[in-house]
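> Before I ask anything, let me first share the structure, which is written out below as structure tokens.
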Amino acid sequence: MTYFTLLHWFVILIIILIFSLVLVLTIRNNDGKSSLLAPILANIFIMGIFAVFAIYGLDKYTKVARLENITQKKVLINESFSISGQIRNIGNFQIGQCILEVKISNELSENTGSGSIVFEPKSAFDNLFSKESTSTVETTKEFVIAENLHQNEMRNFTVFMRYPPSFAKPYLRYELFCH
């Protein structure tokens with residue numbers, strides 16, 4: 001659940017006032033010959049898009065959290081990763097939900113035994129006509145690690161994610177999304 005702050009309600013009020021002003025001006029300047037449907041629908045569409053982007057922008061800058069003391073452990077017995085740490089609300093407003101997106105990737109290449117070349121000059125056409133098959137295998141999963149996180153509150157979390165056994169060298173990346 002996302003929480004609207006005082007800033008959110010203020011922006012919504014401004015958008016409603018602008019919408020009403022444009023609507024009144026559209027109706028007042030109608031000469032009676034043309035239809036009002038197109039300008040009214042355009043007004044609704046433009047103000048709706050503006051409202052979505054404004055709410056998204058406010059969420060991004062008012063609902064800020066930080067990950068602290070992150071530890072990653074590889075559990076070999078069941079081929080999984082354990083990520084544990086703490087999440088802290090560093091913003092001035094309450095956060096409804098924080099989602100941790102974890103990506104495990106493994107880069108596979110047929111030409112792995114080519115030696116230890118530090119720099120190999122390439123042309124722009126090498127990518128088009130290359131016979132090497134380099135593919136990246138990636139697994140992504142999202143975890144809800146905090147809900148109803150108040151201002152300056154800190155909580156502990158631990159998540160477990162399995163990775164495919166075919167991964168020779170798994171690489172772990174994570175990203176935090178709060179709203």
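> Residues of region 1-34 being under 27 Å from Cys98 (Cβ atoms) and either open to solvent by 90 Å² or more (accessible area, probe 1.4 Å) or in contact with a strand residue (DSSP E or B) (Cβ under 7 Å, 6 or more places away or on another chain) (or both), which ones?
Met1, Thr2, Tyr3, Leu6, Trp9, Phe10
> Next up: Among the residues of region 35-45, which ones are open to solvent by 100 Å² or more (accessible area, probe 1.4 Å) and either under 30 Å from Trp9 (Cβ atoms) or under 25 Å from the mean Cα position of the chain (by Cα) (or both)?
Just the residues of region 35-45 that are open to solvent by 100 Å² or more (accessible area, probe 1.4 Å), to begin with: 37, 45.
Listed by number, the list holds a single entry, Phe45.
> Now for a separate question. When residues of region 54-104 are filtered for being more than 20 Å from the chain's Cα centre (by Cα) and in a helix (DSSP H, G or I), how many remain?
Residues in region 54-104 being more than 20 Å from the chain's Cα centre (by Cα) and in a helix (DSSP H, G or I): 0 in total.
> Met47 versus (1) at pLDDT below 90; (2) in contact with a helix residue (DSSP H, G or I) (Cβ under 7 Å, 6 or more places away or on another chain): which is the lone unmet condition?
(1)
> Does region 69-85 contain any residue that is touching a His at 6+ places or on another chain (Cβ under 9 Å), open to solvent by less than 40 Å² (accessible area, probe 1.4 Å) and of a type outside the set (Ser, Thr, Tyr)?
In the first step, residues of region 69-85 are kept if they are touching a His at 6+ places or on another chain (Cβ under 9 Å); the result is none.
No, region 69-85 has no match at all.
> Being at pLDDT 90 or above, part of a loop (DSSP other than H, G, I, E, B) and open to solvent by less than 80 Å² (accessible area, probe 1.4 Å) is the filter here, so list the residues in region 133-179 that pass it.
Correct list: Glu153 only.
> Among the residues of region 101-115, is any open to solvent by less than 60 Å² (accessible area, probe 1.4 Å), modelled with pLDDT of 80 or more, touching an Asp or Glu at 6+ places or on another chain (Cβ under 6 Å) and over 21 Å from Asn78 (Cβ atoms)?
The answer is yes; a qualifying residue exists.
The values are calculated or read from the model by the stated rules, or taken from the named source; none is laboratory data. Note that the coordinates shown come from a computational prediction; the quantities given were computed from them, not determined experimentally. In this analysis, Cβ positions are derived from the backbone assuming ideal geometry, glycine residues included, and neighbour counts consider all displayed protein chains. Note: areas computed on protein heavy atoms with side chains; ligands, DNA, RNA excluded. Shrake-Rupley method; radii C 1.70, N 1.55, O 1.52, S 1.80 Å.
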